[in-house]
Amino acid sequence: MKNILVTGGLGYIGSHTVVALQQAGFNVTIIDDLSNSQLEVWEKITSITGIQPKYYNIDLKDLHAVNIFFQSNVIDGVIHFAAYKAVGESVEKPLMYYRNNLMGLLNLLEVMDENKVDHFIFSSSCTVYGQADKMPINESTPLKKPESPYGNTKKMGEEIIEDFVKATNKKAIALRYFNPVGAHDSALIGEVPNGIPNNLIPYVTQTAMQIRERLGVFGNDYETRDGTAVRDYIDVNDLAEAHVKAIQRLLAGKNKSNLEFFNLGSGTGSTVLEIVDAFEKANNIKIPYEIKPRRAGDIVEAYADYSLAQNELGWQPKTSLQNSMQTAWAFQQSLTDNL
Ligand code: WQD
């Protein structure tokens, strides 16, 4: 049985990936410092799969602690989610983002190298493409300097890994997620935003819950079919599956270069108003909304060409937008502490 370390394994995408890894027969160990996650997620994972993963509360900025972890655990591959991810906050506190996201990555790579751990999966983001000139976005689409320090930590992270694998002959895959949505079918794990949600779906589910009075739609004067911005919403369970396939690829030595990049999206662009409509129809609930000014830093549209992931990883999205809207709502309703 292969041993996989999942950093940030109690977070939104991390927890779904831990479940998928366990269900695929991997032995999973989680590191998470609970900076944007809850310890209860550990129990929830265990009740979904019937297997308790090992869990350590370690801050990846603590090189000594990371070192001790690797010296006392046999690890075959690492899936690295642990990072800060709030775009707006990163603009206000850039150094906190660079320090946390980059130092965590550097410490992890350094210690992996010392302990001869060869396989690494990195959580990257479609934000590395900025506003692309052509849709859909494939992996040859030119990268742009991201709008936010958060986005920049993802781009810099990819560059650090690129230089690292060249020097060490390690194998890595960077997965560039579009907009993750939905929750596990069990409604036990899902996205738990910190404070007032920045992302669209948590704001929609909290509005449906009447925690928020109405959704603000940021701009309806974009050059799109209804004037609102277009994104590619990809189900979190589908994302989790892609991580299983990516680590299996590396462990089987099927990678074609030391660092590969894959876009993970649904392949379909949806406008903000289409998402509101999809949520309303899927759950039979009205979402009150008002049009607000455009949000600074937002792009007009982004959606993925995922054919490389399909051809190379044998991955494709399976979950409908309707289903994602239903699981997102079921999870929101299951939360007792909503604020
Ligand atoms: C989606 C659309 C908003 C909230 C960000 C990061 C990206 C990735 C995912 C995560 C946009 C509109 C939103 C609201 C709205 N990283 N919106 N009202 O901005 O595409 O991507 O999250 O870790 O790197 O940049 O996602 O969900 O914030 O917004 O109208 O209250 O919904 O303007 O068009 P985004 P989002």
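The values are calculated or read from the model by the stated rules, or taken from the named source; none is laboratory data. A quick note: this is a predicted structure, and the numbers were derived from the prediction, not measured. Because the Cβ atoms are built from the backbone with ideal geometry, glycine has one as well, and the counts that use them run over all protein chains shown. Quick note on the areas: whole protein, heavy atoms, side chains included, nothing else; ligands and nucleic acids left out. Shrake-Rupley method; radii C 1.70, N 1.55, O 1.52, S 1.80 Å.
Observations on the model:
- Between region 169-208 and region 1-51, the Cα center-to-center distance that results, in Å: 15 Å
- Long-range amide H partners of Ile137 with built H, under 5 Å: Tyr303, Ala304, Asp305
- Coupling constants for region 297-307 follow from the phi torsions by the Karplus curve (6.51 cos²θ - 1.76 cosθ + 1.60, θ = phi - 60°), and in residue order they are x, 6, 8, 6, 8, 7, 8, 9, 9, 9, 5 Hz; glycine and proline get x.
- Magnitude of the charge dipole for region 56-134, about its Cα centre and with charges confined to Cβ atoms of Lys, Arg (+1) and Asp, Glu (-1), is about 220 debye.
- Relative to the longest principal axis of the Cα atoms of the chain, the long axis of helix 103-114 lies at roughly 30 degrees.
- Here the label points at Asn67 and Lys116, each 7 Å from Cα along the C-beta direction, are separated by 2.0 nm in the simple model.
- Geometric descriptor of region 2-54, per residue, is 59 Å³ (volume of the convex hull of the Cα atoms).
- Distance from the C-alpha centroid of region 59-135 to that of region 253-289: 24 Å, rounded to the whole angstrom.
- DSSP finds beta bridges in the chain, and of those with both partners inside it, around 5 percent are antiparallel.
- Cβ-based charge dipole, region 70-178, positive-most Cα from Pro146, Gln131, Ala86: Gln131
- Placed amide H near Phe261: partners under 5 Å, 5+ positions off or other chain: Ala174
- Count Lys and Arg as plus one, Asp and Glu as minus one, and take only other residues whose Cβ is under 11 Å from that of Asn57; the net charge is then -4.
- Radius 12 Å from Cβ of Thr168, net charge of other residues (Lys, Arg +1; Asp, Glu -1): -2
- Residue ranges 143-150, 288-295, 163-170 sort as 143-150, 163-170, 288-295 when ordered by packing (mean number of other C-beta atoms within 10 Å per residue, highest first).
- Per residue value of the accessible surface for region 66-212 (all protein chains in place, 1.4 Å probe), Å²: 43 Å²
- Accessible area of region 1-158 belonging to carbon and sulfur atoms, whole % at 1.4 Å probe: 52 percent
- Couplings 3J(HN,Hα) for region 274-284, derived from phi with the Karplus relation 6.51 cos²θ - 1.76 cosθ + 1.60 (θ = phi - 60°), are 5, 5, 4, 5, 4, 5, 4, 5, 5, 10, 6 Hz, where x marks Gly and Pro.
- Distance between the pseudo-spin-label points of Lys93 and Val300 (7 Å out from Cα toward the beta carbon): 3.5 nm.
- What you get for the chain, charging only the Cβ of Lys and Arg (+1) and of Asp and Glu (-1), is a dipole of about 300 debye around the Cα centre.
- Heavy-atom accessible area for Met156, with the other protein chains in place and a 1.4 Å probe, reaches approximately 60 Å².
- Only Lys, Arg, Asp and Glu carry charge here, each on its Cβ (+1 for the first two, -1 for the last two); on that basis region 276-339 has a dipole of about 180 debye about its Cα centre.
- A straight Cα-to-Cα reach below 22 Å connects Lys281 with the lysines Lys318, residues fewer than 8 places away in its own chain not being considered.
- In terms of overall dimensions, the C-alpha atoms belonging to the chain reach 54, 43, 38 Å along their principal axes, ordered largest to smallest.
- Expected-Rg normalisation [2.2 N^0.38 Å, Cα atoms] applied to region 222-339: 1.28
- For region 213-339, the fraction of 1.4 Å probe accessible surface lying on carbon and sulfur atoms is 45 percent.
- Beyond 19 Å in Cα-Cα separation lie the following of the pairs Lys61/Lys171; Lys2/Lys170; Lys85/Lys155: Lys61/Lys171.
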